[in-house]
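K.L.:
Got a structure for you, questions after.
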């Protein structure tokens, strides 16, 4: 498969192929698995796993949004977009998610397989990394952040996963709610033997719910990955509880009515794998018991019956027990015969002492697992309740502050209304004054126009009089210079002189 990469993603390496190969050995090809790829980068691991399992689906998360874009392009290139999705998310934020938020970010949860290829190179080994790698590949995907460089083993992200691994795999909840018949697997890439030991010690407290199955080595025979799986005991406990319920139902039916036909029931318990991981052989025996039960009983009046309890098989024949019980009924009515029936144990009432102890231990273990799951749910609910209480207190404080702000706002609003009414009154007064001023201005403009017209008419008349006066003066000068034959009478001359003086006064 070909994958596109850039400076925001790591270049796929052959060493990482061991993770996908290990998963391929654990599940059948037609398995409908749900993958979670943490630190998906270019999505090479997730897409390779999906190509191996046509019915599988997956989710890839990464802290870098640009790496998410590259992963989506690779999924589109390989036509796998309908079976996978990619989300920008920080692994360290899972622990703080509420159940609702958890299912929003992880709709496929619980996951069957988790692929984990984190930045695991310690800061103290930075100088040992090839210069080409430091130059072209993102340091965020190579080196985990650490405050103590000298004692750093590169476990920062492993510690974050250790806190949420069971939640992602759905093991922290009641085992009866599991929706898949496949065992859950966590496959983690590591960098060295020393780091492998540290990771195993870190995840040790999750046993027996999650156990290390094997260590994977790369082509150079170096420690490369750890494969852990969900303990088969979860499913076996569920099967034991189911069988116990069936046996109790059958016993109650058998005691209520006598059967008229032969019944044969066989119950087999699956032997658990990796029994050496348990702390004692008794616990191994509890999950690996195999018992075959057959019931043959026919009721007839006045019939002599013999009940033969055959051996209870375990791995060792030395623990077999054979009990033969004969019951005789006095009197007989024709066709009296002996009928042997082998009654295998359907409840503790028919078991021997050791088998009864094992049976009760198995039931006790189932109840203990249910109790642990219930306690975990109670703790989770308590945590959620405390969180909700703190949120309610915060909301009540915010509500009180908001109420104070609301009261203050109402007071300001009342004052604002009063100011608005006063301003409206002033505005009406000013509008009336404005109308009066406009009327006065119009009157003044009219008077000004009239006075301007009058002044223009006076100027016109004055100019005409001045023109006539100039004409008269010019005529007088001409007459003085050139005596004319006809002389002007003195009375007319005096009259003209008066008019000239009047005109001069008007001019001034």
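K.L.:
Say whether the condition of being over 26 Å from residue 11 (Cβ atoms) and at pLDDT below 70 is met by at least one residue in region 149-167.
P.N.:
For region 149-167, residues over 26 Å from residue 11 (Cβ atoms) and at pLDDT below 70: present.
K.L.:
Is there any pair with a first residue in region 5-20 that is within 12 Å of residue 70 (Cα to Cα) and outside the structural domain of residue 189 (by TED's automatic domain parsing) and a second that is surrounded by fewer than 17 Cβ atoms within 10 Å (Cβ to Cβ) and at pLDDT 80 or above whose Cβ atoms are under 8 Å apart and which are 6 or more apart or on different chains, and what are they?
P.N.:
Pairs that qualify, where the first residue is within 12 Å of residue 70 (Cα to Cα) and outside the structural domain of residue 189 (by TED's automatic domain parsing) and the partner is surrounded by fewer than 17 Cβ atoms within 10 Å (Cβ to Cβ) and at pLDDT 80 or above, are 5/11; 6/66; 8/66.
This table checks each residue for (1) surrounded by fewer than 18 Cβ atoms within 10 Å (Cβ to Cβ); (2) more than 27 Å from residue 380 (Cβ to Cβ).
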site: 48; (1), (2): no, yes
site: 58; (1), (2): no, no
site: 81; (1), (2): yes, yes
site: 89; (1), (2): no, no
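Okay, residues lined up against (1) surrounded by 11 or more Cβ atoms within 10 Å (Cβ to Cβ); (2) part of a strand (DSSP E or B); (3) modelled with pLDDT under 85; (4) out of contact with any helix residue (DSSP H, G or I) (no Cβ under 7 Å at 6 or more places or on another chain):
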site: 341; (1), (2), (3), (4): yes, yes, yes, yes
site: 344; (1), (2), (3), (4): yes, no, yes, yes
site: 357; (1), (2), (3), (4): yes, no, yes, yes
site: 368; (1), (2), (3), (4): yes, no, no, yes
site: 375; (1), (2), (3), (4): no, no, no, yes
site: 381; (1), (2), (3), (4): yes, no, no, yes
site: 389; (1), (2), (3), (4): no, no, no, yes
site: 400; (1), (2), (3), (4): no, no, no, yes
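K.L.:
Then there's this: Any residue in region 384-405 that's under 23 Å from residue 98 (Cα atoms): show its pairings with residues that are surrounded by 10 or more Cβ atoms within 10 Å (Cβ to Cβ) at Cβ separation under 8 Å, as long as the two are six or more apart or on different chains.
P.N.:
384/98; 384/99; 387/98
K.L.:
Right, next: Among what's in region 495-508 and is more than 13 Å from residue 472 (Cα to Cα) and either touching a strand residue (DSSP E or B) at 6+ places or on another chain (Cβ under 6 Å) or surrounded by 10 or more Cβ atoms within 10 Å (Cβ to Cβ) (or both), pick the residue that is modelled with the lowest pLDDT.
P.N.:
That would be 507.
The values are calculated or read from the model by the stated rules, or taken from the named source; none is laboratory data. Computed from a predicted structure; not experimentally measured. A quick note on method: Cβ atoms are made from the backbone with ideal geometry, for glycine too, and the neighbour counts reach across all protein chains shown.
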